[in-house]
Amino acid sequence: MTYDVLIVGGGITGCMTAYRLSGYRLRVAVAEATGDVAMGATKANSAIVHAGYDAVPGTLKAKYNVAGCAEMPELARLLDVPYNNCGSLVCAFSEDDMPALRELLERGEKNGVPGLEIVSGERARELEPALSEEIYAALWAPTAGIVCPYELCIAAGETAARNGCDFYFNFPVERIRAADGHLVAESRGREISARFVVNAAGAHSAELAVKSGDLDFPVEIIPRRGEYGLLDKGKGPRVRRVVFACPTERGKGILVSPTVDGNVIVGPNAHRVESADDTSTTSEGIEEVFEGGRRLVPGVSPRDMITSFAGVRATPSTGDFYVRPSERVSGLLHLVGIESPGLAASPALSRAAVELLGEMGLHLEENPDAVMERPPVVRFRLLRASEKNELIKRDPSYGRIVCRCETITEGEILDAIRRPLGARDIDMVKRRVRAGMGRCQGGFCSPRVAELLAKELGISLGEVTKKGCGSELVPRDCERDGELIV
């Protein structure tokens, strides 16, 4: 079968574009190199919906960031994803930092960001009581917010799948070639054909462009790794706003921020790495992150950290998003260099991608049968007692707690396995319902999650993996009749 559109890359940019296209009468597919969506920078970033004051006026970053930030609350509602319009503060420590704050204010006003103002240190501490007494002033951006990036990506992908979009996992596209009036994406001897292809391959997008025939492609991707520490719930300071230091030439700098799930996140640093797949963390990097975080919020400490992680941002050599059709390959659309504020920009960027495809010749006829709203997801821990009791009466599986740290039920895990783009390993369950995200990091609940996966997928416990092939959870001789031997 030849698709109308093939999207290469299942991150937030690719899945949001698939979501938009699924509202039309089109045959759409997504080719993802790994075993799940949201496996690159989408699952390892600051989770900030930036207001749009940082981007240089006139750039695509500025255009799509501000528009995407404005659309995010409604999109989060449609996709049933938690969103918090908490606002952000960019902090100055002395008069020496004030020119930088004023420049950000000026940029934001030119970009059309509403509500920006520079406030005193005293007012900043009223907005965020956990702030350091050393904060001299701050830029307050009330339209900024936070969202769970991988949950947003999964929700967009699920909705696209419900509307008929096909997903090809473990399909790393090596190149795209023209053949008989359409394009062919090649991967280890396998092929997918489409009339149009969207290159949303993240940190590998420029490389894919060159391999596909854009030999003089104008953008180089510079991989920069950012490390983070995640604090335990209820530990350390109660941070309510996103708190930044003044940005540097390497990025927006180290931040301290709440998450929509109740933790506090600290990071990132920014270091160039050789490989776009290098997501390792180092003790030196985490020390650097917390040193920067403590300047802003003195109470943050690595003693309260339950995990650390890193993501690689696809920094473009041009300093801006590259969103345009290929000049050499007809039917190929590049979405390249989508680093921060890519998450915030994704609602608007995906709309722009659809419009460009239309200009390239794709016929866009709305599908009246498409459902762009995701069915509500049960979050048992957030229900009132009466709602919990009623739910358990209807389905007793919601009365069995599997993950004690996050209060995740068997019913929620079964739903994560059964719904579109359903979980097939331990980490896929974790990203969908948070089983294993808490203090013990899966130490208690992973065996039970594995048993549920084995039963639902019709496989043995020895075939259950943590994160795909090669990460089997238990040796085959440690199970009997589908149960762990301990």
One point scatterer per Cα, no solvent, Debye formula: log10 I(q)/I(0) for segment 112-253 at q = 0.08, 0.15 Å⁻¹ comes out as -0.44, -1.00
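List the pairs from Lys43/Lys466; Lys43/Lys233; Lys43/Lys110; Lys235/Lys467 whose alpha-carbon separation is above 25 Å, in the order I gave them.
The pairs that break the limit, which is 25 Å between Cα atoms, are Lys43/Lys110; Lys235/Lys467.
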Relative contact order in percent for the chain (Cα pairs under 8 Å, 6+ apart) equals 19 percent
Note on segment 380-484: contact order normalised by length, alpha-carbon pairs under 8 Å, 6 or more apart, percent, works out to 19 percent
Over its alpha-carbon atoms, segment 380-484 yields an Rg and a Dmax in Å of 13.7, 44
Expected sort for 340-349, 107-116, 58-67, 293-302 on mean C-beta neighbours within 10 Å, highest first, is 340-349, 58-67, 293-302, 107-116
Expressed in nanometres to one decimal, the distance between label points 7 Å along Cα→Cβ at Ser280 and Ser330 is 4.7 nm
Heads up, segment 1-132 by the C-alpha gyration tensor (a ≥ b ≥ c square roots of eigenvalues; a/c under 1.5 rounded, else a/b over b/c prolate, else oblate) looks prolate
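Helix-derived [θ] at 222 nm for the chain: sum -39500 (n - 2.57) over DSSP H runs of at least 4, divide by residue count, nearest 500? List each step's numbers first, then the result.
Details: 12 runs with 142 residues, N = 486.
Helices in the chain give a 222 nm mean residue ellipticity of -9000 deg cm²/dmol.
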Restricting to aspartates and glutamates and to Cα separations under 14 Å from Lys430, and discarding same-chain partners fewer than 8 apart, the set is Asp36, Glu151, Asp261, Glu406, Glu410, Glu412, Asp415
Applying the gyration tensor rule to the Cα atoms of segment 411-452 (axes a ≥ b ≥ c; rounded if a/c under 1.5, else prolate if a/b exceeds b/c, else oblate), the class is prolate
Stretched fully, the stretch from Glu106 through Glu191 gains (0.36 nm per residue minus C-alpha distance, one decimal, in nm) 25.7 nm
For segment 189-339, shape from the Cα gyration tensor axes a ≥ b ≥ c, cut at a/c of 1.5 then a/b versus b/c, turns out prolate
Rounded to the nearest 5, the percent of DSSP beta bridges in the chain running antiparallel is 75 percent
For segment 1-65, Rg(Cα) over 2.2 N^0.38 Å is 1.36
In vacuo Debye sum over C-alpha of segment 161-200, base-10 log of normalised intensity I(q)/I(0) at q = 0.15, 0.19, 0.25 Å⁻¹, listed in q order, is -0.38, -0.59, -0.93
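For the peptides 215-222, 419-426, 193-200, 75-82, what is the packing order when you average, over each peptide's residues, the other Cβ atoms within 10 Å and list the highest mean first?
193-200, 419-426, 75-82, 215-222
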Quick shape summary for the chain, equivalent ellipsoid via Cα gyration tensor, semi-axes whole Å in descending order, reads 33, 32, 21
Distance in Å, no decimals, from the C-alpha centre of segment 293-312 to the one of segment 53-68 is 29 Å
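Beyond 19 Å, what share of the Cα-Cα pairs of segment 292-437 remains, rounded to the nearest whole percent? Show your work: numbers first, answer last.
Details: 7677 of 10585 pairs.
Percentage above 19 Å: 73.
Starting from the Cα-Cα distance between Asp166 and Glu287, subtract it from 0.36 nm times their residue separation and give me the gain in nm to one decimal.
Once the chain is fully extended between Asp166 and Glu287, it gains 39.3 nm.
Readers should treat all values here as calculations from the given coordinates under stated rules, not as data from a laboratory. This structure is a prediction, so every number in the text was calculated from the model and none was measured. Cβ sites come from the backbone with ideal geometry, for glycine too, and all protein chains shown count toward neighbours.
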